[in-house]
1. Please pick out the residue among 469, 458, 453 that is closer than 26 Å to residue 316 by Cα, surrounded by 16 or more Cβ atoms within 10 Å (Cβ to Cβ), at pLDDT 55 or above and among the acidic types (Asp, Glu).
2. So in region 301-353, with the set limited to residues that are within 30 Å of residue 455 (Cβ to Cβ) and of a type in the set (Ser, Thr, Tyr), which one is farthest from the chain's Cα centre (by Cα)?
3. Any idea how many residues of region 580-602 are at negative phi and touching a residue at least 40 places away in the same chain (Cβ under 8 Å)?
4. Determine which member of the set 140, 146 is at pLDDT 90 or above and open to solvent by 20 Å² or more (accessible area, probe 1.4 Å).
5. Taking region 676-715 only, how many residues are of a type in the set (D, E, K, R) and open to solvent by less than 10 Å² (accessible area, probe 1.4 Å)?
6. Restricting to region 224-261, and then to whatever is in a loop (DSSP other than H, G, I, E, B) and modelled with pLDDT of 70 or more, can you tell me which residue is surrounded by the fewest Cβ atoms within 10 Å (Cβ to Cβ)?
7. Please go through region 556-605 and give me each residue that is assigned to a loop (DSSP other than H, G, I, E, B) and within 46 Å of the chain's Cα centre (by Cα), ordered by number.
Amino acid sequence: MPPTSHGPALRLLGLRLLGYRKNYTVNFTDQSGQHRPLSVIAGEISTGKTTILEFIDFCLGNSAHPQHPEIVESVKAAQLSIEVEVPVQSVAAPEIESTGPDAARLGYSRQRYVIQRGVEGSTRDVLIFTGDFNSIESVAPRLVSADSSNEDSLSKFLLQLCGLDGIRLKVAPTKPDSATHALSFRDLAPLWFLSNTRLDNKNLAFEHQPMKALKLKQVVDLLFDVFDEHGAILSGQISELQTELSSERSGLNAVWRFIREQGVPDNPIELDALQSDANRTFLQATLALDRVNDAARERTAFAEDARRQYLDKVQEARESENWARERETLLRRLAPLRAQYSDDLKKLTMLKEAKRLFDPLSVSVCPACASQIPSAAVVDGQCSLCRSEIPHLEHSALHDRPTSAPAIDDDAQEAKADHGLDPAIEPSVDVAKELNSTKRRLKELNSYIASVEAEAIEARKAVAQLDAESTTLQQRLDQLTRDAITPLLAERDAAAAAVSEAEKVRNQIFQHRRMLESVGEKDRSVQELAARLSELRRRLADSEANQRGRSTVLLNLSTRFSEILKSFGYPKLSDAYLDKNLLPHVRGIRYDQVGSSGATTLISLAWELAIFELAYEEGRRHPGFLMVDSPQKNLAPEVQTDSGAADQGDDEGFIGEAIVRRIYRHLNLWLSGPGAGAQVILVDNVPPPSVEGDVVARYGGAGGPAPYGLVDDAPGQ
């Protein structure tokens with residue numbers, strides 16, 4: 001039977017990975033754009049099937065995302081498109097008035113959002129867009145935090161959609177004064193995501209993690225409204241929601257007052273009409289300005305020759321200015337060089353005078369005979385003073401070098417080498433020769449500088465003359481065009497002012513529209529808060545009228561658990577139930593002691609489905625979707641069998657095949673019956689042919705049909 005009361009409905013419409021080369025999309029919708037009740041992701045191993053579920057989990061608040069090399073190299077962000085059904089109620093006028101606590105609800109409204117999380121750098125920031133992949137609204141996205149402890153978090157947003165926000169769980173439920181912690185959407189994850197590892201790790205209800213097991217029990221109790229403090233918690237939610245609604249209404253009233261003070265029309269139809277008028281006025285003003293410009297160009301066409309002469313003269317003046325500037329720059333660079341040459345000339349002159357005035361040979365009387373010593377010289381390689389052989393020495397004090405030093409030939413080089421001297425050593429410098437050379441270079445430099453100065457002066461004169469000529473040509477052009485342009489100047493100024501004014505009006509209307517969109521979004525938020533408040537009041541009344549004990553819920557879950565195992569064809573089924581710790585038992589044995597890994601898989605599936613199905617049918621606050629990774633794990637793979645094999649009831653492979661087909665048959669029957677409107681997403685390597693129409697993605701893997709996998713253009717594929 002369909003649910004008697006409407007519970008939260010959160011549906012997954014698609015996952016899109018934003019990549020550097022392309023985007024990678026998996027849709028869970030049919031041709032009409034509505035969610036598929038059953039979506040199967042099929043294909044070979046290592047093709048990205050599980051990655052899809054992990055990215056969905058990441059977009060719903062998980063702290064980690066897949067780190068496969070092809071993901072790291074190709075993906076920069078993940079987007080999850082969801083559709084939710086939220087309670088709504090009408091507001092009589094744009095001005096929000098305080099309504100009574102029992103305002104009637106109109107029903108449920110479907111809204112779509114896109115949750116986006118980046119995979120690079122910090123992943124704490126989450127963007128929430130209104131709309132779906134193809135119709136994200138122009139309103140700026142809402143920025144929330146992935147940290148559930150944050151005041152404005154992704155967890156709070158999702159809990160609000162499920163009607164579970166504002167709930168706190170006890171750390172020690174048996175103690176009245178126990179500390180509490182806020183419920184997180186991640187606390188509900190074990191009830192909507194059955195991962196591959198949980199299928200057979202014998203920790204289905206987190207029995208090996210006491211704190212997580214305790215939290216799971218509280219979440220299940222919360223889901224089915226059976227725990228003792230349920231009424232108090234609902235009252236606390238109502239009180240918190242009333243405070244929030246009052247604050248939001250006050251803020252909305254303030255925004256409406258501000259908008260009306262600014263003269264913003266609150267009627268979208270009126271705003272559309274104003275925008276149409278503004279667009280028409282802007283177009284007319286632009287056309288008028290174009291006409292004025294065209295008329296000005298037509299009236300001044302006769303002055304084209306004068307305009308061209310003026311422009312040519314301006315260009316010539318610019319080139320002459322550049323040449324004058326280059327000559328002046330060169331003069332500034334040559335001035336230090338001329339100063340250096342002048343300084344070198346002074347030094348060489350002083351050196352020459354010093355040799356003439358001061359004789360370096362201070363011995364003038366022979367120490368042996370006290371006779372005057374004649375001037376010393378080197379004659380035939382001997383000193384005339386002491387007769388020593390000195391073929392290697394040519395001291396200026398002993399030998400007056402000629403003005404022009406003879407070239408050193410090869411014989412002289414060999415003689416230096418015979419006496420142990422370096423042939424590369426040159427004779428001492430001839431000061432007179434260096435002095436003459438420096439004078440000659442300075443003279444040449446002065447001559448070149450004089451020519452550059454003359455060129456610079458001429459260039460400056462040319463610049464002045466060209467500037468004067470261009471001014472004359474400009475005046476002539478102005479004189480020719482003044483009579484034609486002057487009548488149009490006022491007209492053009494008026495046309496330009498009209499264009500500017502029309503553009504200003506358009507921008508103002510655009511800002512008004514953005515303001516109305518923002519206030520409309522806030523208005524919808526207030527309506528949702530008011531509807532949620534009514535929903536909580538209804539739940540509180542139902543809870544008070546229908547007190548449920550935990551034993552009743554465990555009995556109902558155990559009954560559904562047993563029925564599901566029976567529909568699976570579980571062998572030798574008997575005494576199947578859930579104990580007070582939510583641990584499943586079959587044939588009186590706890591599930592982790594049955595020994596068979598295939599049986600563990602079936603029990604885990606039945607346990608997950610029992611909670612999901614019962615909560616959905618009773619209209620509880622389960623999100624309304626379920627993801628299961630590898631339901632055939634540890635079971636015989638689905639194979640095509642002939643009629644002969646079908647008759648062999650004891651064949652193990654056929655038994656495995658029959659169980660797999662029964663799992664899918666159970667899901668299809670439930671989704672088309674009591675579970676109508678719910679959503680199940682499965683990842684399976686080889687689903688049975690009966691669900692071929694429910695396969696939304698199939699990956700071929702290496703050597704298989706395209707696409708290879710989720711990231712179908714990764715290097716090496």
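The values are calculated or read from the model by the stated rules, or taken from the named source; none is laboratory data. Since this is a predicted model, take the numbers as computed values, not measurements. Counting neighbours? That spans all protein chains shown, and the Cβs are built from the backbone with ideal geometry, glycine included. With ligands, DNA and RNA removed, areas are computed over all heavy atoms of the protein, side chains included. Shrake-Rupley method; radii C 1.70, N 1.55, O 1.52, S 1.80 Å.
1. Sole residue among the options that is closer than 26 Å to residue 316 by Cα, surrounded by 16 or more Cβ atoms within 10 Å (Cβ to Cβ), at pLDDT 55 or above and among the acidic types (Asp, Glu): 469.
2. Once the filter is applied, the top-ranked residue is 342.
3. The qualifying residues number 10.
4. 146
5. 1
6. Looking at residues that are in a loop (DSSP other than H, G, I, E, B) and modelled with pLDDT of 70 or more, I get 226.
7. 581, 582, 583
Residue-by-condition table, conditions (1) open to solvent by 30 Å² or more (accessible area, probe 1.4 Å); (2) at pLDDT 90 or above; (3) not small (Gly, Ala, Ser):
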position	(1), (2), (3)
12	no, yes, yes
36	yes, yes, yes
42	no, yes, no
54	yes, yes, yes
57	no, yes, yes
